[in-house]
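Shown next, in structure tokens, is the structure this report addresses.
Please treat every number below as a calculation from the coordinates, not as lab data. The structure displayed is predicted, hence computed values, not measured ones. Positions of Cβ are backbone-derived with ideal geometry, glycine not excepted, and every protein chain shown enters the neighbour counts.
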Amino acid sequence: MTKWFNVGKIVNTHGIKGEIRVISRTDFPEKRYKTGNTLYIWKENSKQPIEVKITSHRTHKNFDLLTFEGYGNVNEVEQFKGSLLKVPQEQLDELEENEYYYHEIIGCTVVSEEGEEIGKVKEVLSPGANDVWVVKLSNGKEAYIPYIEQVVLKVDAKEQLVTIHVMEGLL
């Protein structure tokens, strides 16, 4: 059975030439949305995806704007609003050392160098130069862990364990 990974959500159409507005959920938009690439549109409650080929990609404000082969006007893409864009597991690339997919990090248990459990990674934010991992602490609060060498010491994606150096003021 194929495992699918969410790379974006279609939130609206853009203009009249079949462009769709996407809120990206991928770590690699420039790779995922490259002209010629295949994506799969999963409409709400559908059992099968619609395979589409990207004919253009550009960014506008905080959105990725895409067009698909064979969908040349707004009326043809209107039906995709609210749908998810996904890729099958086979389309995931091998990553460099110390690079991880969001789905590998979310859910990991975070511990200090001393082995004390801090919490679980709830989401990954990409605000700028480095990712920030949102960790739900045992007291219900959230901590923001920057994914930088000085803080994240070890990531064991298989064991779902992240070891961090707790700098002053971090938690």
Once Rh is set to the Kirkwood radius over Cα pairs, what Stokes-Einstein translational diffusion coefficient, in µm²/s, holds for segment 102-164 at a temperature of 4 °C and a viscosity of 1.567 mPa s? 113 µm²/s
Ordered by residue, what ³J(HN,Hα) values in Hz, to whole numbers, does segment 55-71 give under the Karplus form 6.51 cos²θ - 1.76 cosθ + 1.60, where θ = phi - 60° and Gly and Pro are x? 10, 7, 9, 8, 10, 8, 6, 9, 10, 9, 10, 10, 10, 10, 4, x, 10
For the chain, with a Gaussian network of springs between Cα atoms less than 10 Å apart, report the residue from Ala157, Ala129, Ala143 with the top mean-square fluctuation. Ala129
Per GNM of the chain with C-alpha springs under 10 angstrom, the most fluctuating residue out of Ile148, Ile54, Ile20 is Ile148
Mean Cα-pair separation over length for segment 1-153, i.e. relative contact order, pairs under 8 Å, 6 or more apart, %: 20 percent
Post the alpha-carbon centroid distance, segment 41-117 to segment 5-27, in whole angstrom. 9 Å
Computed over segment 4-90, the convex hull of the Cα set has an average projected area, in nm², of 5.2 nm²
Among Ile23, Ile41, Ile50, residue whose mean-square fluctuation peaks in a GNM of the chain (springs only between Cα atoms under 10 Å): Ile50
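What size of dipole, in debye to the nearest 20, comes out for segment 23-76 about its Cα centre when the only charges are +1 on Lys and Arg C-beta atoms and -1 on Asp and Glu C-beta atoms? Walk me through the numbers before you get to the answer.
On the way: 9 positive and 7 negative charges, 24 e Å.
Around 120 debye, computed over segment 23-76.
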Using DSSP to define loop residues, name the trypsin sites (Lys or Arg not before Pro) in segment 49-141 whose beta-carbon has at most 11 other beta-carbon atoms within 10 Å. Lys61, Lys141
So who's got an amide H within less than 5 Å of the one on Glu123, skipping anything under 5 residues away but keeping other chains? H placed 1.01 Å off N, in plane. Val134
Those aspartates and glutamates that a straight Cα-Cα span of less than 17 Å connects to Lys3, excepting residues fewer than 8 apart in one chain: Glu51, Glu90, Asp93, Glu94, Glu104
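Take the residue pairs Lys61/Lys154; Lys47/Lys136; Lys136/Lys158 and return only those whose Cα atoms are more than 31 Å apart.
Lys61/Lys154; Lys47/Lys136
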Calculate the all-directions average of the projected area of segment 85-126's alpha-carbon convex hull, and give it in nm². 4.4 nm²
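Can you give the helix-only mean residue ellipticity at 222 nm for the chain, where every DSSP H stretch with n ≥ 4 adds -39500 (n - 2.57) and the sum goes over all residues, rounded to the nearest 500 deg cm²/dmol?
Counting only the DSSP helices, I get -1000 deg cm²/dmol.
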Determine the gain in length on full extension of the stretch Lys43-Ala157; use 0.36 nm per residue of separation and subtract their C-alpha separation, reporting nm with one decimal. 38.0 nm
Give me the net charge for the shell around Val11: Cβ to Cβ below 11 angstrom, other residues only, Lys and Arg +1, Asp and Glu -1. +2
Size descriptor, Kirkwood hydrodynamic radius, that averages inverse alpha-carbon separations across the chain, Å: 17.8 Å
